[in-house]
Every structure is written in C-alpha cells, then in structure tokens.
1. Please list 3J(HN,Hα) in residue order for the range 31-36, calculated via the Karplus relation 6.51 cos²θ - 1.76 cosθ + 1.60 where θ = phi - 60°; whole Hz, with x for glycine and proline.
2. Which pairs in the list K35/K203; K44/K309; K203/K225; K24/K309 are over 29 Å apart, alpha-carbon to alpha-carbon?
3. In nm, what is the difference between 0.36 nm times the number of residues separating V124 and V36 and their Cα-Cα distance?
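Every read-out reported here was derived from the displayed coordinates using simple, explicitly stated rules and does not represent laboratory data. This is a predicted model, so every value here is computed, not measured.
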Amino acid sequence: MSQMSIEFGVGKELRAARLKAELKITDVAEELNLKVEHLTAIEKDSYSELPGNTYVVGFVRSYAKFLGLNDAHLVDRLQQSGLISSLQPSKPTTTMEDVQAPTLSDKKLLMRLVSAGLLVVALVLVFFIFKNMPEDEAEQSIIKEDVVAAKAPESTDQTSSDEPEDASAETKGLTDEEVAAMLAESTTVKPEAEKPVKLVGTKPQDARVMLTAKEDAWYQVYNTKSGRVYQNAVLKKGHSVWVTPGENVVMDLGRPHMMEMTIDGEVYGKAGPSWGGVIKRLNADPTFLIYDFYGEGLNEKSYNRWLSKQEERVAG
C-alpha cells in the first residue's frame, strides 16, 4: 500500500469531518454507543486495534452516517485500500459462462409477453368504449371531471392532518426554479404574507419550531420517555428543519450558535451561545423556549440560568 492511500485514508476523512462539525470524540462515542478507543483507532486507520475485522465495516458505516457522509463510498474505499486483509476484494476469474451474454428464462419471457398482451387488450377496450359512448354521456363525463378538478384545492389543507403528532420533517434546499414552481402552485390555496423563509417542503400540522443552519451543524430530536429518535443528522448550510413539540420531546444541538431558531413565525436568533458548546436535552416546547431558554435575550446570564435548571432536572 502506498503512502498516498495512508495519508488520505478513510479514518482521516472521518476525523476531518468531525472536527469541522466541532464535535468531541467523546460525544460521538456516546451517541453511537461505541468506545472512544475504537473511534480513535478508526481515525488513525489502525484497524488492527479493533476487536475484529467483521466489526470494522459496521463501525465505519455508523460513523460516516452520523457525520452525514456517504457511508457506501467510504466503505468501498476502505475495502479497496488493503488496510484490512479480510476485506480485500478477490480477483474474479473469467470463464466462458461469464463472457456469454445473459438470456431471459422461458418463464420470465412468457410473463412479459402475457403482460404486454393484457396491456394491448386493455387499450383496445378503452378505445372502443369511448368510441361507442353517446355524445351526451361523453360531455357529461367531461363536465364531471372539470368539477372535480375545480374542487380539488379545497381539500389540500387536510393533507397534513394525517401526520402523527410527534413526527418532524426535515427539509432540503432545491433550486430557485423548483422553489418558484412550488410557490406558484400554492398561491391559489393559502397565500403567506409573512416574511419569506428559505424552507422547502410541507410544514407538519403541529410544527411550531424551525431550525435554520447558517453553517453545517448537528441536531437530534427525540423522546426522553420512549427513547424514540425522530431526527438525527447534520443540517447542511442553508437548510431548515421543522420540529414538532410534544410531551418529553427534546433536542440536542451541536454548534448551536451556527443555527437560527424560529418559533411561531418569529425569529429569536441563535439557537445557543458560542461559549455553550453542545446543548443537550433542550425542551422543544415553544413556551419553555421563549420564556425559560431565551428569557430577555440569549445572553450569558439567561443561558447560565437555563443550564442550572437543566442540571437540576437531570439530577432529580
């Protein structure tokens, strides 16, 4: 193996991504339920220090997903690197059977022919039905279709009522043309006169809190009682995410000073002070956030007051 593959190894790329997200290796180990020694060995590309080669791929894949990286690409690079003998790809042997072009079995070919025949029969039936339909019935059918199309916008507001109350939806940025198309379609339903928010996607019915990343930042939303994790990802710069409050629903925020929090349509500024580090178990309830977390402004005094309450709650 060359010096180049070691210098730009998978472990070094994982370490660089963690440092860019300003995450401590101890915090990552706690979230992934892995030992700090194992993560340290991965970042050094010292896979011989891990308990066994069978665990290497799983550890690397989990670490990459946590940091928002392409886990499949990194695992493939690891297998091609030669750092792990049991993962080195074997050289395939070429045989005459491999050279021959594959052919469909008679059974699959027959199924495709039958499907094609049924499709042709269905099209012919539809053609004759419409051809033999009286003109009055045809006109009446067209009128009914127009009425249904005209009434369709009235039911669009009900689409979000089927969503679970504890669910939250992450939104990803699209191109300017796609955003403009979405806005054009929504103007006939319910115009929004509020200040524009760079958010793409459907807002959940009960969502009241929105996080917007000014730089790449990590976040997690979960239920402390049931242990259910609703969201866990790196929020890319310029992307926003809706958070639906609920009983026992809390947030963990990495690099909170790089996020902007909006509550009930009002921007409250940074989601945390730069000196606060990773914020854990932040209650997602809007009333709590407005009066207990932000207080009279997110300054050092109000933040320390909230942190003291959090420590008392955890200790109790």
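1. Whole-Hz 3J(HN,Hα) from phi for the range 31-36: 5, 8, 6, 10, 6, 4.
2. K35/K203; K44/K309
3. The V124-V36 span can extend by a further 25.0 nm.
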